[in-house]
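In what follows, a single structure is set out as C-alpha coordinates and then discussed.
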Amino acid sequence: MAVVVAKFGGSSLADAEQIIKMKSIVLADENRRYIVPSAPGKRHADDEKITDLFYELHKEPEKEGSGAYGKILERFSQIRDRLSLKTPIEKHIAEILVCLKAGASEDFAASRGEYLNGLLIADLLGFDFIDPADVIFFRADGVYDHARTVPVLAQELKKHERAVIPGFYGSLPDGTIKTFSRGGSDITGSIVACAADAALYENWTDVSGFLKADPRIVSNPKKIDTITYRELRELSYMGATVLHEDSIFPVLEDAIPICVKNTNDPDDPGTRIVPTLDAEVDTSFEKSITGIAGKKNFTVITIEKNGMNAEIGFGRRVLSCLETFGIPFEHIPSGIDSLCVVIADCRIDGCSTQLIDEIHRVCNPDSVEISNNMALIATVGRGMIRRVGISAKLFAALAQSGVNVRMIDQGSSEMNIIVGVENDDFEKAVRAIYDALV
Ligand code: ASP
(Lines give C-alpha, C1' and ligand atoms only; values in the text may rest on other atoms or scores of the structure.)
Protein backbone atom coordinates (compact mmCIF):
# COMPACT_ATOMS: atom_id res chain seq x y z
CA MET A 1 0.00 0.00 0.00
CA ALA A 2 1.36 3.45 -0.91
CA VAL A 3 2.00 5.75 2.03
CA VAL A 4 0.73 9.32 2.07
CA VAL A 5 1.88 11.63 4.87
CA ALA A 6 -0.65 14.40 5.56
CA LYS A 7 0.37 17.47 7.54
CA PHE A 8 -2.41 19.81 8.70
CA GLY A 9 -1.57 23.42 9.59
CA GLY A 10 -2.91 25.46 12.48
CA SER A 11 -5.78 27.07 10.58
CA SER A 12 -6.91 23.59 9.43
CA LEU A 13 -7.15 22.52 13.07
CA ALA A 14 -8.20 25.75 14.75
CA ASP A 15 -11.43 24.37 16.25
CA ALA A 16 -13.63 21.26 16.37
CA GLU A 17 -15.34 22.10 13.05
CA GLN A 18 -12.01 22.29 11.23
CA ILE A 19 -10.82 19.09 12.92
CA ILE A 20 -13.93 17.29 11.64
CA LYS A 21 -13.00 18.40 8.09
CA MET A 22 -9.50 17.02 8.68
CA LYS A 23 -11.01 13.69 9.80
CA SER A 24 -13.10 13.28 6.66
CA ILE A 25 -10.07 14.13 4.48
CA VAL A 26 -7.93 11.53 6.29
CA LEU A 27 -10.60 8.84 6.10
CA ALA A 28 -11.31 9.52 2.42
CA ASP A 29 -7.99 7.90 1.42
CA GLU A 30 -6.73 4.83 3.25
CA ASN A 31 -3.17 5.65 2.13
CA ARG A 32 -3.17 8.67 4.46
CA ARG A 33 -1.51 6.68 7.22
CA TYR A 34 0.70 9.20 8.99
CA ILE A 35 -0.78 12.49 10.15
CA VAL A 36 1.32 15.45 11.32
CA PRO A 37 -0.74 18.14 13.10
CA SER A 38 0.18 21.71 14.03
CA ALA A 39 -1.19 23.34 17.17
CA PRO A 40 -4.62 24.99 16.80
CA GLY A 41 -4.13 28.30 14.98
CA LYS A 42 -6.34 31.39 14.68
CA ARG A 43 -10.11 30.86 14.26
CA HIS A 44 -10.47 34.41 12.94
CA ALA A 45 -8.18 37.37 12.23
CA ASP A 46 -8.17 38.71 15.83
CA ASP A 47 -7.75 35.33 17.48
CA GLU A 48 -4.61 34.01 19.19
CA LYS A 49 -2.58 30.97 18.15
CA ILE A 50 -2.17 28.30 20.82
CA THR A 51 1.60 28.37 20.26
CA ASP A 52 1.67 32.10 21.09
CA LEU A 53 -0.38 31.47 24.23
CA PHE A 54 2.15 28.84 25.33
CA TYR A 55 5.03 31.30 24.78
CA GLU A 56 3.10 33.74 26.97
CA LEU A 57 2.46 31.12 29.65
CA HIS A 58 6.15 30.27 29.73
CA LYS A 59 6.95 33.86 30.74
CA GLU A 60 4.64 33.77 33.78
CA PRO A 61 3.71 30.19 34.71
CA GLU A 62 2.92 31.29 38.27
CA LYS A 63 -0.08 33.27 37.08
CA GLU A 64 -2.30 30.30 36.32
CA GLY A 65 -5.44 32.37 36.77
CA SER A 66 -3.99 34.57 34.02
CA GLY A 67 -5.14 34.92 30.43
CA ALA A 68 -2.88 32.40 28.71
CA TYR A 69 -3.52 29.45 31.02
CA GLY A 70 -7.29 29.93 31.03
CA LYS A 71 -7.42 30.41 27.26
CA ILE A 72 -5.36 27.27 26.56
CA LEU A 73 -7.52 25.21 28.92
CA GLU A 74 -10.73 26.57 27.44
CA ARG A 75 -9.76 26.01 23.81
CA PHE A 76 -8.53 22.45 24.24
CA SER A 77 -11.40 21.35 26.49
CA GLN A 78 -13.88 22.91 24.05
CA ILE A 79 -12.36 20.94 21.16
CA ARG A 80 -12.35 17.75 23.22
CA ASP A 81 -15.99 18.18 24.33
CA ARG A 82 -17.32 19.11 20.88
CA LEU A 83 -15.64 16.04 19.46
CA SER A 84 -17.02 13.91 22.33
CA LEU A 85 -13.56 12.61 23.19
CA LYS A 86 -12.34 11.30 26.53
CA THR A 87 -8.72 12.62 26.44
CA PRO A 88 -7.97 13.94 29.99
CA ILE A 89 -6.85 17.33 28.68
CA GLU A 90 -7.10 19.07 32.10
CA LYS A 91 -4.67 16.54 33.58
CA HIS A 92 -2.18 17.00 30.72
CA ILE A 93 -2.32 20.80 30.96
CA ALA A 94 -1.87 20.66 34.75
CA GLU A 95 1.22 18.47 34.25
CA ILE A 96 2.64 20.94 31.72
CA LEU A 97 2.16 23.76 34.22
CA VAL A 98 4.06 21.81 36.89
CA CYS A 99 6.98 21.41 34.44
CA LEU A 100 6.91 25.12 33.56
CA LYS A 101 6.91 26.13 37.21
CA ALA A 102 9.91 23.84 37.72
CA GLY A 103 11.78 25.79 35.00
CA ALA A 104 11.06 23.84 31.76
CA SER A 105 12.37 25.62 28.66
CA GLU A 106 10.60 27.98 26.27
CA ASP A 107 10.84 25.32 23.54
CA PHE A 108 9.12 22.81 25.81
CA ALA A 109 6.27 25.28 26.36
CA ALA A 110 5.98 26.11 22.64
CA SER A 111 5.85 22.44 21.65
CA ARG A 112 2.92 21.60 23.92
CA GLY A 113 0.30 22.94 21.47
CA GLU A 114 1.29 20.29 18.93
CA TYR A 115 1.63 17.63 21.65
CA LEU A 116 -1.90 18.18 23.03
CA ASN A 117 -3.47 18.53 19.59
CA GLY A 118 -1.71 15.31 18.55
CA LEU A 119 -3.21 13.44 21.52
CA LEU A 120 -6.72 14.68 20.66
CA ILE A 121 -6.38 13.87 16.96
CA ALA A 122 -4.98 10.38 17.61
CA ASP A 123 -7.95 9.77 19.91
CA LEU A 124 -10.41 11.05 17.28
CA LEU A 125 -8.96 9.03 14.39
CA GLY A 126 -8.22 5.92 16.45
CA PHE A 127 -4.55 6.16 15.29
CA ASP A 128 -1.46 5.47 17.44
CA PHE A 129 0.39 8.43 18.96
CA ILE A 130 4.15 8.80 18.40
CA ASP A 131 5.91 11.44 20.50
CA PRO A 132 8.48 13.22 18.27
CA ALA A 133 10.71 13.65 21.34
CA ASP A 134 11.52 9.91 20.94
CA VAL A 135 12.14 9.90 17.18
CA ILE A 136 13.17 13.36 15.90
CA PHE A 137 16.61 14.47 17.02
CA PHE A 138 18.60 17.68 17.18
CA ARG A 139 22.34 17.95 17.80
CA ALA A 140 23.63 19.66 20.94
CA ASP A 141 24.22 22.85 18.88
CA GLY A 142 20.50 22.94 18.03
CA VAL A 143 20.80 21.82 14.40
CA TYR A 144 18.34 19.13 13.24
CA ASP A 145 20.10 15.73 12.98
CA HIS A 146 18.71 14.02 9.87
CA ALA A 147 21.23 11.15 9.89
CA ARG A 148 20.28 10.13 13.41
CA THR A 149 16.53 10.73 13.00
CA VAL A 150 15.66 8.85 9.82
CA PRO A 151 16.63 5.27 10.80
CA VAL A 152 15.02 5.58 14.26
CA LEU A 153 11.83 7.16 12.92
CA ALA A 154 11.60 4.68 10.00
CA GLN A 155 11.90 1.79 12.45
CA GLU A 156 9.20 3.26 14.69
CA LEU A 157 6.79 3.94 11.82
CA LYS A 158 7.05 0.29 10.74
CA LYS A 159 5.49 -0.66 14.08
CA HIS A 160 2.41 1.48 13.42
CA GLU A 161 -0.08 0.89 10.63
CA ARG A 162 -1.48 4.39 11.24
CA ALA A 163 -0.15 7.09 13.54
CA VAL A 164 -0.25 10.75 14.53
CA ILE A 165 3.16 12.43 14.94
CA PRO A 166 2.85 16.03 16.24
CA GLY A 167 4.78 18.65 14.26
CA PHE A 168 7.29 21.34 15.24
CA TYR A 169 9.54 19.57 17.79
CA GLY A 170 11.96 16.82 18.68
CA SER A 171 14.62 16.42 21.35
CA LEU A 172 18.22 17.38 22.10
CA PRO A 173 20.84 14.77 23.08
CA ASP A 174 20.09 15.45 26.78
CA GLY A 175 16.43 14.56 26.17
CA THR A 176 15.04 18.08 26.53
CA ILE A 177 12.62 19.43 23.94
CA LYS A 178 13.79 21.50 20.96
CA THR A 179 11.52 23.14 18.37
CA PHE A 180 12.15 24.08 14.76
CA SER A 181 11.70 27.75 13.84
CA ARG A 182 8.10 29.05 13.61
CA GLY A 183 5.98 27.24 11.06
CA GLY A 184 8.26 24.22 11.52
CA SER A 185 5.53 21.54 11.46
CA ASP A 186 6.00 21.66 7.68
CA ILE A 187 9.54 20.36 8.26
CA THR A 188 8.28 17.55 10.52
CA GLY A 189 5.85 16.49 7.77
CA SER A 190 8.71 16.36 5.33
CA ILE A 191 10.90 14.32 7.72
CA VAL A 192 8.08 11.81 8.32
CA ALA A 193 7.52 11.53 4.54
CA CYS A 194 11.22 10.75 4.11
CA ALA A 195 11.33 8.15 6.92
CA ALA A 196 8.08 6.51 5.74
CA ASP A 197 9.37 6.44 2.15
CA ALA A 198 6.07 8.07 1.23
CA ALA A 199 4.70 8.30 -2.30
CA LEU A 200 3.34 11.77 -1.50
CA TYR A 201 3.61 14.46 1.19
CA GLU A 202 0.35 16.40 1.46
CA ASN A 203 0.49 19.75 3.16
CA TRP A 204 -3.06 20.87 4.09
CA THR A 205 -3.56 24.56 4.74
CA ASP A 206 -6.18 27.29 4.28
CA VAL A 207 -5.31 28.29 0.70
CA SER A 208 -5.46 26.22 -2.49
CA GLY A 209 -1.70 26.27 -3.04
CA PHE A 210 0.78 28.87 -4.20
CA LEU A 211 -0.17 31.99 -6.11
CA LYS A 212 1.96 33.55 -8.83
CA ALA A 213 2.26 36.79 -6.84
CA ASP A 214 1.33 38.21 -3.44
CA PRO A 215 -2.46 38.83 -3.49
CA ARG A 216 -1.94 41.93 -1.31
CA ILE A 217 -0.08 43.48 -4.27
CA VAL A 218 -1.62 41.90 -7.37
CA SER A 219 -5.38 41.49 -7.32
CA ASN A 220 -6.55 37.95 -7.97
CA PRO A 221 -3.23 36.42 -9.02
CA LYS A 222 -3.33 33.09 -10.84
CA LYS A 223 -2.50 29.89 -9.00
CA ILE A 224 0.66 27.88 -9.59
CA ASP A 225 -0.36 24.34 -10.62
CA THR A 226 3.08 22.76 -10.60
CA ILE A 227 6.39 24.06 -9.30
CA THR A 228 9.82 22.46 -8.96
CA TYR A 229 11.74 22.23 -5.67
CA ARG A 230 14.30 24.77 -6.99
CA GLU A 231 11.68 27.32 -8.02
CA LEU A 232 9.93 26.94 -4.69
CA ARG A 233 13.16 27.50 -2.75
CA GLU A 234 13.82 30.68 -4.74
CA LEU A 235 10.29 32.01 -4.23
CA SER A 236 10.02 31.07 -0.53
CA TYR A 237 13.40 32.61 0.17
CA MET A 238 12.22 35.83 -1.44
CA GLY A 239 9.16 36.03 0.77
CA ALA A 240 6.47 33.72 -0.66
CA THR A 241 4.98 32.09 2.43
CA VAL A 242 2.67 29.00 2.58
CA LEU A 243 5.41 26.42 3.13
CA HIS A 244 8.45 26.68 5.44
CA GLU A 245 11.51 27.23 3.22
CA ASP A 246 13.38 24.31 4.85
CA SER A 247 10.64 21.78 4.08
CA ILE A 248 12.27 20.70 0.85
CA PHE A 249 15.53 19.28 2.21
CA PRO A 250 14.20 16.10 3.89
CA VAL A 251 12.29 14.97 0.77
CA LEU A 252 14.94 16.09 -1.72
CA GLU A 253 17.04 12.93 -1.86
CA ASP A 254 14.10 10.56 -2.33
CA ALA A 255 12.36 12.99 -4.71
CA ILE A 256 9.02 12.73 -2.88
CA PRO A 257 6.43 15.10 -4.39
CA ILE A 258 4.62 17.56 -2.11
CA CYS A 259 1.06 18.70 -2.69
CA VAL A 260 -0.25 21.87 -1.01
CA LYS A 261 -4.01 21.49 -0.54
CA ASN A 262 -6.89 23.43 0.99
CA THR A 263 -8.72 21.83 3.95
CA ASN A 264 -11.72 24.06 3.20
CA ASP A 265 -11.79 23.05 -0.47
CA PRO A 266 -10.37 19.53 -0.65
CA ASP A 267 -11.42 18.96 -4.27
CA ASP A 268 -9.20 21.78 -5.52
CA PRO A 269 -6.05 20.13 -6.93
CA GLY A 270 -3.82 22.68 -5.12
CA THR A 271 -0.16 23.13 -6.06
CA ARG A 272 2.13 20.17 -6.77
CA ILE A 273 5.79 20.57 -5.87
CA VAL A 274 7.94 18.14 -7.82
CA PRO A 275 11.69 17.43 -7.99
CA THR A 276 12.06 18.32 -11.67
CA LEU A 277 9.92 18.58 -14.76
CA ASP A 278 10.66 17.19 -18.13
CA ALA A 279 10.41 20.13 -20.53
CA GLU A 280 9.07 17.79 -23.20
CA VAL A 281 5.96 16.92 -21.23
CA ASP A 282 5.65 20.11 -19.23
CA THR A 283 3.76 22.67 -21.26
CA SER A 284 2.28 24.46 -18.25
CA PHE A 285 4.79 27.32 -18.51
CA GLU A 286 4.35 27.98 -22.23
CA LYS A 287 3.14 31.51 -21.81
CA SER A 288 4.16 32.45 -18.32
CA ILE A 289 6.74 32.50 -15.63
CA THR A 290 6.16 30.42 -12.49
CA GLY A 291 5.97 33.17 -9.91
CA ILE A 292 7.13 36.54 -8.59
CA ALA A 293 8.20 37.28 -5.02
CA GLY A 294 10.14 40.04 -3.36
CA LYS A 295 11.23 41.78 -0.20
CA LYS A 296 11.94 45.35 0.79
CA ASN A 297 14.78 46.88 2.81
CA PHE A 298 18.17 46.00 1.40
CA THR A 299 21.42 47.97 1.58
CA VAL A 300 23.93 48.19 -1.29
CA ILE A 301 27.61 48.82 -0.62
CA THR A 302 29.40 49.94 -3.79
CA ILE A 303 33.18 49.60 -3.74
CA GLU A 304 35.21 51.21 -6.54
CA LYS A 305 38.87 50.78 -7.37
CA ASN A 306 40.62 51.33 -10.66
CA GLY A 307 42.13 48.08 -11.92
CA MET A 308 40.07 45.96 -9.52
CA ASN A 309 39.62 43.26 -12.16
CA ALA A 310 43.36 42.57 -12.23
CA GLU A 311 43.90 42.63 -8.46
CA ILE A 312 43.98 39.03 -7.32
CA GLY A 313 42.15 38.43 -4.03
CA PHE A 314 40.18 41.70 -4.00
CA GLY A 315 36.77 40.01 -3.85
CA ARG A 316 37.94 37.64 -1.15
CA ARG A 317 39.18 40.56 0.97
CA VAL A 318 35.81 42.36 0.64
CA LEU A 319 33.95 39.22 1.69
CA SER A 320 36.36 38.62 4.58
CA CYS A 321 35.24 42.00 5.99
CA LEU A 322 31.64 40.76 5.98
CA GLU A 323 32.77 37.57 7.66
CA THR A 324 34.52 39.54 10.40
CA PHE A 325 31.16 41.08 11.31
CA GLY A 326 29.18 37.86 10.76
CA ILE A 327 27.12 39.45 7.96
CA PRO A 328 25.65 37.25 5.18
CA PHE A 329 25.22 38.81 1.72
CA GLU A 330 22.50 38.29 -0.89
CA HIS A 331 24.14 39.27 -4.20
CA ILE A 332 27.45 40.64 -5.49
CA PRO A 333 26.98 42.19 -8.93
CA SER A 334 30.34 43.41 -10.22
CA GLY A 335 32.01 45.41 -13.03
CA ILE A 336 35.62 45.96 -14.12
CA ASP A 337 36.39 48.59 -11.51
CA SER A 338 33.49 48.18 -9.10
CA LEU A 339 31.85 45.61 -6.94
CA CYS A 340 28.52 45.89 -5.11
CA VAL A 341 27.42 43.86 -2.13
CA VAL A 342 23.70 43.60 -1.39
CA ILE A 343 22.82 42.94 2.25
CA ALA A 344 19.49 42.77 4.10
CA ASP A 345 19.13 45.92 6.28
CA CYS A 346 18.41 43.86 9.40
CA ARG A 347 21.83 42.15 9.03
CA ILE A 348 23.84 45.36 8.87
CA ASP A 349 21.86 47.56 11.29
CA GLY A 350 24.14 49.11 13.89
CA CYS A 351 27.47 48.14 12.32
CA SER A 352 27.50 49.80 8.88
CA THR A 353 30.07 52.48 9.84
CA GLN A 354 32.49 49.94 11.30
CA LEU A 355 32.03 47.70 8.25
CA ILE A 356 32.87 50.54 5.84
CA ASP A 357 35.97 51.42 7.93
CA GLU A 358 37.05 47.78 7.79
CA ILE A 359 36.62 47.65 3.97
CA HIS A 360 38.77 50.83 3.67
CA ARG A 361 41.43 49.31 5.91
CA VAL A 362 41.56 45.83 4.34
CA CYS A 363 40.86 46.58 0.64
CA ASN A 364 42.28 50.08 0.15
CA PRO A 365 39.57 51.04 -2.41
CA ASP A 366 39.20 54.39 -4.24
CA SER A 367 35.72 54.87 -2.80
CA VAL A 368 33.03 53.06 -0.79
CA GLU A 369 29.42 54.18 -0.90
CA ILE A 370 26.48 52.86 1.00
CA SER A 371 22.83 53.31 0.05
CA ASN A 372 19.69 51.71 1.41
CA ASN A 373 15.95 51.57 0.68
CA MET A 374 16.29 48.97 -2.03
CA ALA A 375 13.72 46.24 -2.67
CA LEU A 376 14.58 42.99 -4.45
CA ILE A 377 12.13 41.24 -6.78
CA ALA A 378 12.71 37.70 -8.02
CA THR A 379 10.96 36.57 -11.18
CA VAL A 380 11.30 32.80 -11.19
CA GLY A 381 10.49 30.19 -13.80
CA ARG A 382 11.86 27.05 -15.38
CA GLY A 383 10.08 28.32 -18.49
CA MET A 384 12.68 31.10 -18.85
CA ILE A 385 15.54 28.69 -19.50
CA ARG A 386 16.86 29.12 -23.04
CA ARG A 387 13.82 31.18 -23.98
CA VAL A 388 14.45 34.41 -25.85
CA GLY A 389 12.80 37.68 -24.89
CA ILE A 390 11.60 37.19 -21.30
CA SER A 391 14.00 39.68 -19.74
CA ALA A 392 13.32 42.15 -22.58
CA LYS A 393 9.61 42.04 -21.71
CA LEU A 394 10.35 42.38 -18.01
CA PHE A 395 12.58 45.44 -18.39
CA ALA A 396 10.28 47.04 -20.95
CA ALA A 397 7.39 46.68 -18.48
CA LEU A 398 9.43 48.29 -15.70
CA ALA A 399 10.48 51.15 -17.99
CA GLN A 400 6.90 51.78 -19.11
CA SER A 401 5.81 52.02 -15.47
CA GLY A 402 8.54 54.54 -14.77
CA VAL A 403 10.44 52.22 -12.41
CA ASN A 404 14.20 52.76 -12.20
CA VAL A 405 16.17 49.50 -11.97
CA ARG A 406 19.02 49.88 -9.48
CA MET A 407 20.45 46.38 -9.79
CA ILE A 408 20.10 43.31 -12.03
CA ASP A 409 21.23 39.78 -11.25
CA GLN A 410 20.48 36.73 -13.34
CA GLY A 411 22.03 33.45 -12.27
CA SER A 412 23.53 31.31 -15.02
CA SER A 413 20.77 28.78 -14.33
CA GLU A 414 18.57 31.30 -16.21
CA MET A 415 15.74 30.42 -13.87
CA ASN A 416 15.66 33.57 -11.81
CA ILE A 417 15.94 37.25 -12.74
CA ILE A 418 16.46 39.50 -9.73
CA VAL A 419 15.99 43.23 -9.98
CA GLY A 420 16.64 45.84 -7.32
CA VAL A 421 14.29 48.85 -7.24
CA GLU A 422 13.54 51.68 -4.79
CA ASN A 423 11.42 50.49 -1.83
CA ASP A 424 8.75 52.97 -2.93
CA ASP A 425 8.56 51.41 -6.40
CA PHE A 426 8.23 47.85 -5.09
CA GLU A 427 4.48 47.27 -5.49
CA LYS A 428 4.33 49.11 -8.82
CA ALA A 429 7.21 47.01 -10.16
CA VAL A 430 5.67 43.68 -9.05
CA ARG A 431 2.38 44.60 -10.75
CA ALA A 432 4.18 45.65 -13.95
CA ILE A 433 6.14 42.38 -14.13
CA TYR A 434 3.01 40.34 -13.40
CA ASP A 435 0.98 42.08 -16.08
CA ALA A 436 3.73 41.67 -18.65
CA LEU A 437 4.66 38.05 -17.97
CA VAL A 438 1.66 36.21 -16.55
N1 ASP B 1 2.71 25.92 15.92
C2 ASP B 1 3.96 26.35 15.40
C3 ASP B 1 3.86 27.81 14.98
O4 ASP B 1 2.85 28.46 15.23
C5 ASP B 1 4.49 25.50 14.31
C6 ASP B 1 3.59 25.31 13.13
O7 ASP B 1 2.40 25.58 13.21
O8 ASP B 1 4.09 24.88 12.09
O9 ASP B 1 4.80 28.35 14.45
The chain, relative contact order in percent, only Cα pairs under 8 angstrom and at least six apart counted: 13
For the range 287-437: accessible area per residue (Å², 1.4 Å): 49
Rg(Cα) / (2.2 N^0.38 Å) computed for the range 268-405, rounded to two decimals: 1.35
Within the chain, helix-based [θ] at 222 nm, where runs of 4 or more DSSP H residues each add -39,500 (n - 2.57), nearest 500: -11000 deg cm²/dmol
Part-to-part distance (alpha-carbon centres) for the range 181-251 and the range 391-409, which is given in Å: 28
Potential lengthening between Leu85 and Asn264 on full extension [0.36 nm per residue; Cα-Cα distance subtracted]: 62.1 nm
Global geometry of the range 1-150, whether rounded, prolate or oblate, following the gyration tensor of its Cα atoms and the 1.5 cut on a/c: oblate
Rounded tilt (10° steps) of 67-82 against the dominant C-alpha axis of the chain: 60
Rg/Rg_ref, the range 4-274, where Rg_ref = 2.2 N^0.38 Å and atoms are Cα: 0.97
Charge context of Lys86, other residues only, Cβ under 15 angstrom, K/R +1, D/E -1: 0
Portion, in percent, of the accessible area of the range 230-279 that falls on carbon or sulfur, probe 1.4 Å: 49
Rounded percent of accessible protein surface that carbon and sulfur make up, the range 287-437, 1.4 Å probe: 47
Amide N proximity, the range 313-346 versus Asn423 label position 7 Å along Cα-to-Cβ, cut-off under 13 Å: 344-346
Cα point-scatterer Debye curve for the range 114-194, base-10 log of I(q)/I(0) at q = 0.11 Å⁻¹: -0.26
Which listed pairs, of Lys23/Lys296; Lys295/Lys393; Lys86/Lys158, have C-alpha distances above 32 Å, in listed order: Lys23/Lys296
Simple Cβ-charge dipole of the chain, Lys/Arg +1 and Asp/Glu -1, about Cα centre, in debye nearest 20: 540
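The values are calculated or read from the model by the stated rules, or taken from the named source; none is laboratory data. For clarity, every value in this text was computed on a predicted model and none was experimentally measured. As a convention, Cβ positions derive from the backbone with ideal geometry for all residues, glycine included, and neighbour counts pool all protein chains shown. Surface accessibility is based on the protein's heavy atoms, side chains included, excluding ligands, DNA and RNA. Shrake-Rupley method; radii C 1.70, N 1.55, O 1.52, S 1.80 Å.
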